[in-house]
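What follows is calculated from the coordinates using simple rules that are stated; it is not laboratory data. Values in this document were obtained by computation on a predicted structure and should not be read as measured data. Cβ placement follows ideal geometry from the backbone for every residue including glycine, while neighbour counts extend to all protein chains displayed.
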Amino acid sequence: EDQVTQSPEALRLQEGESSSLNCSYTVSGLRGLFWYRQDPGKGPEFLFTLYSAGEEKEKERLKATLTKKESFLHITAPKPEDSATYLCAVQAWGSGGGADGLTFGKGTHLIIQP
Amino acid sequence: DTEVTQTPKHLVMGMTNKKSLKCEQHMGHRAMYWYKQKAKKPPELMFVYSYEKLSINESVPSRFSPECPNSSLLNLHLHALQPEDSALYLCASSQEPGAEKLFFGSGTQLSVL
């Protein structure tokens, strides 16, 4: 069974204080690992897809990296508007493809204080 | 237009009521999904419609009934719900059933009294 564990559950940072969120996964054969951002009362917003170990992707103050066992979402010099819940999800080969193969973690609730 | 539009945004219903949630996308996506999300929990897949075929998560009770009138619209009919069904109901779409990138709507916050 595919499993996704995110840590920490919650993180409070000062504005400008860089940090990293962790996503550990166990999957039979990784097709892709995804990061989403979710604001309160809203649907998740797609951020990144990573497909193979060593891959990195960046968007503004966010950088996602992938190893064979985990992914990190690095946040550099965050601003209050980066406050959100960050969800990690994995998709395995042979799971049927599409969203029916996505397994989400519980997310990291990030708060950036001015 | 890169939006998935859900209505209503909020819904309060009694256990004997019948209501429907609506979802619409005009991106030409061929797959649409319903997810349920409880507070501080990850989204859980309920139904997938792709190329007019329905796939069901067998753990979803029959009081939830999806309907896909056309490729742009997806409804979720609710009947005889229980208080534990209170949650955020999210609709999503993707270009193809095998595509990993999902576009989510803002959701309907449902409260069952």
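Tell me which of these residue A:81 doesn't satisfy, since it passes every other one: (1) assigned to a strand (DSSP E or B); (2) over 15 Å from the mean Cα position of the chain (by Cα); (3) acidic (Asp, Glu).
Every listed condition holds for residue A:81 apart from (1).
Of all the residues that make up segment B:38-56, how many are more than 20 Å from residue B:70 (Cβ to Cβ) and crowded, with 21+ Cβ neighbours inside 10 Å?
Counting residues in segment B:38-56 that are more than 20 Å from residue B:70 (Cβ to Cβ) and crowded, with 21+ Cβ neighbours inside 10 Å gives 3.
Being outside any loop (DSSP other than H, G, I, E, B) and either of a type in the set (A, V, I, L, M) or within 10 Å of chain B (Cβ to nearest Cβ) (or both) is the filter here; which residues of segment A:22-47 pass it?
A:30, A:31, A:32, A:33, A:34, A:36, A:38, A:45, A:46, A:47
With the condition kept exactly as written, say whether any residue in segment A:4-15 is crowded, with 21+ Cβ neighbours inside 10 Å, of a type in the set (Val, Ile, Thr) and within 13 Å of another protein chain (Cβ to nearest Cβ).
There is at least one residue in segment A:4-15 that is crowded, with 21+ Cβ neighbours inside 10 Å, of a type in the set (Val, Ile, Thr) and within 13 Å of another protein chain (Cβ to nearest Cβ).
Go through the residues of segment A:70-87 one by one and say whether even a single one is more than 29 Å from residue B:88 (Cα to Cα), of a type in the set (A, V, I, L, M, F, W, C) and touching a residue at least 40 places away in the same chain (Cβ under 8 Å).
Yes - at least one qualifying residue is present in segment A:70-87.
Read through the list (1) more than 9 Å from every other protein chain (Cβ to nearest Cβ); (2) of a type in the set (D, E, K, R); (3) within 11 Å of the chain's Cα centre (by Cα), then give the number of the only condition that residue B:44 fails.
Of (1) more than 9 Å from every other protein chain (Cβ to nearest Cβ); (2) of a type in the set (D, E, K, R); (3) within 11 Å of the chain's Cα centre (by Cα), only one is false for residue B:44: (1).
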